[in-house]
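Below: the structure, in structure tokens.
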Amino acid sequence: MEPFSPILTPRLSLREFFKKDAPALLNACRQSPAIAAMHSHQLTGPGPVRRYLDCLTREYSRGLHRTLAVALLPDDKLVGMISLQIHPAFPRGEIGYWIAPDFQGRGLASEAAKALVEYGFREQQLHRIQGMHFPENPASGRVLQNAGMRYEGTLKDYVLVDGEWKDCLMYAAVITESSSAPDMQKDASR
């Protein structure tokens, strides 16, 4: 198994999480209820964060790079997380992400999402990549649009968060329609 090569953008490295990321990860979860909710409110202290990072390290050792750190270059400072969950039976994936509150509003989520969508089409040979967000977070919808996705519809009462059913807005990109993977479009049409 080859080691994972970070996905690089002009400002970011999408890379494996390391133990040194624990304080920044815990801080982001403490600062943002939305980030904590994405982790099922389980990353509440150093112990749970350490166990989560150990779990990711085990996944990485098996070649599973579904959840990556978003690190700011050149100092490799953790500023977020991005994931691409690939469906095991179909060539499609679902993207998820967050950026720590201190680094939001700089286009980092869009830059990371676009890079991961391109990676999913080119390296993972996915046919479809989707993502969703809550209606009260329109900035996340702009991230998905900036990554080349189009709005597809509203999923009513799709997730249960803190005892409340919430709608999600679904966005997706398909390889045959995506400008994120022009070389793959030609291959897909053959």
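The values are calculated or read from the model by the stated rules, or taken from the named source; none is laboratory data. Bear in mind that the values here come from a model prediction, so they are computed numbers and not experimental data. Neighbour counts are summed over all protein chains in view; Cβ atoms, including those assigned to glycine, are modelled from backbone coordinates with ideal geometry. Only protein heavy atoms, including side chains, enter the accessible area calculation; ligands, DNA and RNA are left aside. Shrake-Rupley method; radii C 1.70, N 1.55, O 1.52, S 1.80 Å.
Please enumerate the residues belonging to segment 105-135 that are out of contact with any Phe, Trp or Tyr (no Cβ under 9 Å at 6 or more places or on another chain), open to solvent by 10 Å² or more (accessible area, probe 1.4 Å) and either assigned to a loop (DSSP other than H, G, I, E, B) or under 16 Å from ALA89 (Cα atoms) (or both).
Matches in segment 105-135: GLY105, ARG106, GLY107, GLU123, GLN124, GLN125, PHE134, PRO135.
What are the residue pairs meeting all of these: first residue in segment 62-80, first residue among the charged types (D, E, K, R) and modelled with pLDDT under 95, second residue open to solvent by less than 10 Å² (accessible area, probe 1.4 Å) and not in a strand (DSSP E or B), Cβ atoms under 7 Å, and 6 or more apart or on different chains?
Close Cβ pairs (under 7 Å, with a partner that is open to solvent by less than 10 Å² (accessible area, probe 1.4 Å) and not in a strand (DSSP E or B)) do not exist here.
Look through segment 158-178, keep the residues that are touching a residue at least 60 places away in the same chain (Cβ under 8 Å) and either open to solvent by less than 40 Å² (accessible area, probe 1.4 Å) or assigned to a strand (DSSP E or B) (or both), and return whichever of them is nearest to LEU116 (Cα to Cα).
Quick first cut of segment 158-178, residues touching a residue at least 60 places away in the same chain (Cβ under 8 Å) only: 161-162, 178.
This time we only want the ones that are either open to solvent by less than 40 Å² (accessible area, probe 1.4 Å) or assigned to a strand (DSSP E or B) (or both), so: 161, 178.
Numbers: VAL161: 26, SER178: 13 Å.
Per the criteria, the residue is SER178.
Just to check your reading of the model, which residue among GLY93, GLY63, GLY105, GLY141 is of a type outside the set (S, T, N, Q) and in contact with a helix residue (DSSP H, G or I) (Cβ under 7 Å, 6 or more places away or on another chain)? Write out each step before concluding.
Numbers: GLY63 fails: in contact with a helix residue (DSSP H, G or I) (Cβ under 7 Å, 6 or more places away or on another chain); GLY105 fails: in contact with a helix residue (DSSP H, G or I) (Cβ under 7 Å, 6 or more places away or on another chain); GLY141 fails: in contact with a helix residue (DSSP H, G or I) (Cβ under 7 Å, 6 or more places away or on another chain).
Testing whether each residue is of a type outside the set (S, T, N, Q) and in contact with a helix residue (DSSP H, G or I) (Cβ under 7 Å, 6 or more places away or on another chain) leaves just GLY93.
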